[in-house]
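Have a look at the structure below, then the notes.
Derivation of every value follows stated rules applied to the coordinates shown; laboratory data play no part. These figures come from a predicted structure and were not determined experimentally. Don't worry about glycine lacking a Cβ; one is built from the backbone with ideal geometry, like all the others, and counts go over all protein chains shown.
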Amino acid sequence: MTAEAIGRARPGPAVLARLLALVAPAVLLGGAYLSQYAGGLHPCEMCYWQRWPHFVGIAFAALAFLFAASSQNARLLTALAAIAIAASGAIGLFHAGVEYGWWEGLTRCSSAGAMTLEELMKVPLVRCDQVQFSFLSVSMAGWNAIISLGSAALIAMLLRRKAA
């Protein structure tokens with residue numbers, strides 16, 4: 001295989017950006033749902049707030065796959081996905097600040113998501129200002145902020161690059 005053929009076999013930056021825009025929020029949402037349903041960690045209101053932009057990001061990234069990776073449509077949809085991912089990261093940063101007492105939250109957090117009185121009675125009260133789980137002294141909201149903002153920045157950098 002020639003060096004030229006090897007260079008063509010590598011995915012271009014637009015392809016990588018689009019793939020990252022789909023995978024990053026999917027993995028973060030998967031982790032959130034796994035911790036909720038397999039790990040028994042009940043999300044607070046701000047935890048739910050962080051999920052919505054990831055769903056939007058996945059939708060934009062999935063739509064980007066309808067077009068050639070280097071097309072304007074795919075690049076625009078991938079950029080919109082990156083903005084949604086960054087929005088989740090910003091909410092995660094705010095939430096982490098509330099958890100660590102850097103600032104106060106906007107609302108009284110409760111057991112969001114319960115639909116009936118019976119369900120509400122079964123779900124524990126979950127406060128947004130208390131860390132339920134941390135890894136390397138960083139809360140789940142903090143990890144969402146780090147990974148989401150980092151992914152969004154990487155997607156933006158990849159979209160700015162020209163295919164080699």
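Hey, rough spin-label estimate for Q72 and L34, points 7 angstrom out along Cα→Cβ, what's it come to in nanometres?
The modelled label-to-label distance comes out at 4.0 nm.
Highest mean first, what order results for 23-36, 75-88 on Cβ atoms within 10 Å? Display every interim value, and only then the final one.
Values: 23-36: 17.1, 75-88: 22.9.
In decreasing order of mean packing, 23-36, 75-88 become 75-88, 23-36.
Sum up the charges of everything whose Cβ sits under 15 Å from the Cβ of I83, counting Lys and Arg as +1 and Asp and Glu as -1, but leave I83 out.
Numbers: positive: R18, R75, R160; negative: none.
So the surrounding residues net to +3.
Per 0.36 nm of contour for each residue apart, how much would the distance between A156 and E104 grow if the chain were fully extended, relative to their Cα-Cα spacing?
Details: separation 52, 0.36 × 52 = 18.72 nm, distance 3.10 nm.
Full-extension gain reported as 15.6 nm.
Which ³J(HN,Hα) values in Hz, rounded to whole numbers, follow from the phi angles of the stretch 70-87 under the Karplus curve 6.51 cos²θ - 1.76 cosθ + 1.60, where θ = phi - 60° and Gly and Pro get x?
Computed from phi, the couplings for the stretch 70-87 are 8, 6, 4, 4, 5, 5, 5, 5, 5, 5, 5, 4, 4, 5, 5, 5, 5, 4 Hz.
Given points 7 Å out from each Cα along the Cα-Cβ axis, report the V27 to L41 separation in nanometres with one decimal.
Modelled inter-label distance: 1.6 nm.
What is the stretch 4-100's relative contact order, in percent, from Cα pairs under 8 angstrom and six or more apart in sequence? Each step should come with its number before you reach the end.
Values: 87 pairs, mean separation 32.6, N = 97.
Taking the mean separation of contacting Cα pairs over the length of the stretch 4-100, I get 34 percent.
How do 142-151, 58-67 rank on mean C-beta neighbours within 10 Å, highest first? Could the numbers behind the result be given before it?
Working: 142-151: 20.9, 58-67: 18.5.
The most tightly packed comes first, giving 142-151, 58-67.
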